[in-house]
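Student: Here it is, the structure in full.
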2 protein chains.
Amino acid sequence: MSSLTARQKQIVEHLKEHAAAGHAPSLRQLCAELGLRSPGSLHKHIRALTVAGLVERAPGRGIRLTAAALHDPDTLPLLGRIAAGRPIEAIGDQRRIHVPPELRGKGDCYVLEVRGDSMIEEGILDGDWVVVEHRDHARNGELVVALIDDAEATLKRIEQRPGAVILHAANPAYPPLRYEPRRVRVQGVVVGQMRRY
Amino acid sequence: MSSLTARQKQIVEHLKEHAAAGHAPSLRQLCAELGLRSPGSLHKHIRALTVAGLVERAPGRGIRLTAAALHDPDTLPLLGRIAAGRPIEAIGDQRRIHVPPELRGKGDCYVLEVRGDSMIEEGILDGDWVVVEHRDHARNGELVVALIDDAEATLKRIEQRPGAVILHAANPAYPPLRYEPRRVRVQGVVVGQMRRY
DNA sequence: TTTATTGTTCTCCTTTTGTTCTCTGATTTA
DNA sequence: TAAATCAGAGAACAAAAGGAGAACAATAAA
């Protein structure tokens, strides 16, 4: 999106209005609305936007933006990958994932991809997506994305006591981990989870 | 629904009004209402909508939309609850659940709510939703909804051999269950899973 | 039976749409 | 200054969509 020309950005913005109304204009219709006189000129821009993944085409079906370009309100950004004991690994291309409203929290949410089997006791497997509500504090018993010593990320149930934060694994066979409160920073609370087979 | 012509969308919208009133208009009646003069022209559109699965025809019974066309295409029906060792319990009111396209199969899909902790080894917990693609056969290794002796439902990985069907639990500590093929009926294949916290 | 209605198929036509091409000018970059 | 990039005009063409009208078989109604 950042490496678009001014004209291309303008076209994307204009197409958003059409998308909001549920329309998919034709080349010549767009030409008229943008003040162009040649469909050939516009076609070059549309082709550029298509290879950039912002526009979807189907022959005879007009021009429509992809979910990625729309910032489709049904989607959330896939921010990165989380593996226990490591920092959250950011993802470059910023894919967006469809998340049903049933799995969304009230506030600002994003999606993390889980790496490794360390959360298996929580029923969260390698490759799963977790939907995280961005928060800096949690209620006891919630499943949180926690950052320990600003270095290790983990997905655990939290118990906050005066003078200590305890992170529980789901499996009672594993002992809970006890930290000083200032070492643990809550990044968000897991409000949903999805898996593809 | 997204790759329809403008005309086709208009026709679907118009048919929704008829559906609400319980009518199923004939071709010529629709022609008049849409301002067309030839039933042949309209027939082309209706045929396109039929192959798209939005329109049902029965000879002499007029034109009516399918259930798929009347529902929100982003949702799937919540058919019932599944608990290991019991028949699938149907749900009366037929709620529909938003299911992201990433979690959907190609064919006909529905959602089941999982009851109990019997699938916990698969990372499927009590209360989870599984997205199931309706199929009557599966490939080895797939996670299937299987009906045993037409009575017990279960969610297991399937292995089909000549003369035997083996259902594996994820936990190797539990022995796989071996059945005669005719006792096991595949109802569908799990293609996705969702959880709310 | 006759009559009307309905669904279907066919050919012909017009309009719309997407695409490619060349040419021109402006702006930026090396 | 020369080259590259962006933007646009205009012409031309192929494909697709949309529609008209005629014709015909099957069915339902009179």
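Student: Do you know which residues across segment A:31-69 are more than 29 Å from A:Gln94 (Cα to Cα), surrounded by 14 or more Cβ atoms within 10 Å (Cβ to Cβ), within 12 Å of DNA strand C (Cβ to nearest atom) and among the hydrophobic types (A, V, I, L, M, F, W, C)?
Tutor: Residues satisfying the conditions are A:Cys31, A:Leu36.
Student: Of the residues A:Asp93, A:Asp117, which single one is touching an Asp or Glu at 6+ places or on another chain (Cβ under 7 Å), more than 15 Å from DNA strand D (Cβ to nearest atom) and in a loop (DSSP other than H, G, I, E, B)? It would help to see each step written out before you state the result.
Tutor: On the way: A:Asp93 fails: touching an Asp or Glu at 6+ places or on another chain (Cβ under 7 Å).
The conditions single out A:Asp117.
Student: Tell me whether segment B:5-12 contains one or more residues that are in a loop (DSSP other than H, G, I, E, B), within 14 Å of DNA strand C (Cβ to nearest atom), touching a Lys or Arg at 6+ places or on another chain (Cβ under 8 Å) and within 27 Å of A:Ala58 (Cβ to Cβ).
Tutor: There is at least one residue in segment B:5-12 that is in a loop (DSSP other than H, G, I, E, B), within 14 Å of DNA strand C (Cβ to nearest atom), touching a Lys or Arg at 6+ places or on another chain (Cβ under 8 Å) and within 27 Å of A:Ala58 (Cβ to Cβ).
Student: May I pose another question? Take B:Glu33 and tell me if it is part of a helix (DSSP H, G or I), free of Cβ contacts under 8 Å to residues at least 24 places away in the same chain and touching a helix residue (DSSP H, G or I) at 6+ places or on another chain (Cβ under 9 Å). Working first, answer last.
Tutor: On the way: part of a helix (DSSP H, G or I): yes; free of Cβ contacts under 8 Å to residues at least 24 places away in the same chain: yes; touching a helix residue (DSSP H, G or I) at 6+ places or on another chain (Cβ under 9 Å): yes.
When the stated conditions are applied, B:Glu33 passes them.
Student: So, one more: Within the set of pairs 6 or more residues apart or between chains, which connect a residue that is under 17 Å from A:Glu17 (Cβ atoms) inside segment A:62-80 to a residue that is basic (Lys, Arg) and part of a helix (DSSP H, G or I) with Cβ atoms less than 7 Å apart?
Tutor: That search, which allows pairs on different chains as well, returns A:Leu65/A:Lys16; A:Leu70/A:Lys16.
Student: While we're looking at this one, here's another question. Would it be correct to say that B:Leu103 is within 24 Å of A:Leu125 (Cβ to Cβ) and at the interface with chain A (Cβ under 10 Å from one of its Cβ atoms)? Write out each step before concluding.
Tutor: Numbers: within 24 Å of A:Leu125 (Cβ to Cβ): yes; at the interface with chain A (Cβ under 10 Å from one of its Cβ atoms): yes.
Yes, satisfied.
Student: A further question on this structure: Do we find a residue being under 14 Å from the mean Cα position of the chain (by Cα) and within 11 Å of chain A (Cβ to nearest Cβ) anywhere in segment B:138-159?
Tutor: Scanning segment B:138-159, I find no residue that is under 14 Å from the mean Cα position of the chain (by Cα) and within 11 Å of chain A (Cβ to nearest Cβ), so the answer is no.
Student: I need every pair where a residue in segment B:169-194 that is within 14 Å of chain A (Cβ to nearest Cβ) has its Cβ under 6 Å from the Cβ of a residue that is of a type in the set (Phe, Trp, Tyr), sequence separation at least 6 or different chains.
Tutor: What qualifies is B:Val190/A:Tyr197; B:Val191/A:Tyr197; B:Met194/B:Trp129.
Student: While we're on this one: With respect to A:Val165, is the statement that it is closer than 21 Å to A:Gly105 by Cβ and among the hydrophobic types (A, V, I, L, M, F, W, C) true?
Tutor: No: the conditions fail for A:Val165.
Student: Kindly check whether there is at least one residue in segment B:109-128 that is more than 10 Å from chain A (Cβ to nearest Cβ), among the hydroxyl-bearing types (Ser, Thr, Tyr), exposed (fewer than 12 other Cβ atoms within 10 Å of the Cβ) and more than 23 Å from the chain's Cα centre (by Cα).
Tutor: Within segment B:109-128, none of the residues are more than 10 Å from chain A (Cβ to nearest Cβ), among the hydroxyl-bearing types (Ser, Thr, Tyr), exposed (fewer than 12 other Cβ atoms within 10 Å of the Cβ) and more than 23 Å from the chain's Cα centre (by Cα).
Student: Additional query: Filter segment A:113-156 down to the residues that are touching a helix residue (DSSP H, G or I) at 6+ places or on another chain (Cβ under 8 Å) and farther than 21 Å from A:Pro87 by Cβ and list them by number.
Tutor: A:Gly123 - this is the single residue of segment A:113-156 that is touching a helix residue (DSSP H, G or I) at 6+ places or on another chain (Cβ under 8 Å) and farther than 21 Å from A:Pro87 by Cβ.
Student: Further question: Could you look through segment A:36-61, keep only residues that are assigned to a loop (DSSP other than H, G, I, E, B) and without any contact (Cβ under 8 Å) to a residue 24 or more places away in the chain, and pick out the one that is nearest to the other protein chains (Cβ to nearest Cβ)?
Tutor: Within segment A:36-61, the match that is nearest to the other protein chains (Cβ to nearest Cβ) is A:Ala58.
Student: Among (1) away from chain B (no Cβ under 14 Å); (2) more than 9 Å from DNA strand C (Cβ to nearest atom), where does A:His23 come up short?
Tutor: Looking at each condition in turn, A:His23 falls short on (1).
Student: Being among the aromatic types (Phe, Trp, Tyr) and away from every other protein chain (no Cβ under 14 Å) is the requirement here; does B:Tyr197 meet it?
Tutor: No: the conditions fail for B:Tyr197.
Every number in this text was worked out from the coordinates using simple rules, so none of it is lab data. Computed from a predicted model, the values in this text were never measured in an experiment. Every residue, glycine as well, gets a Cβ built from its backbone with ideal geometry; the counts of neighbours run over all protein chains shown.
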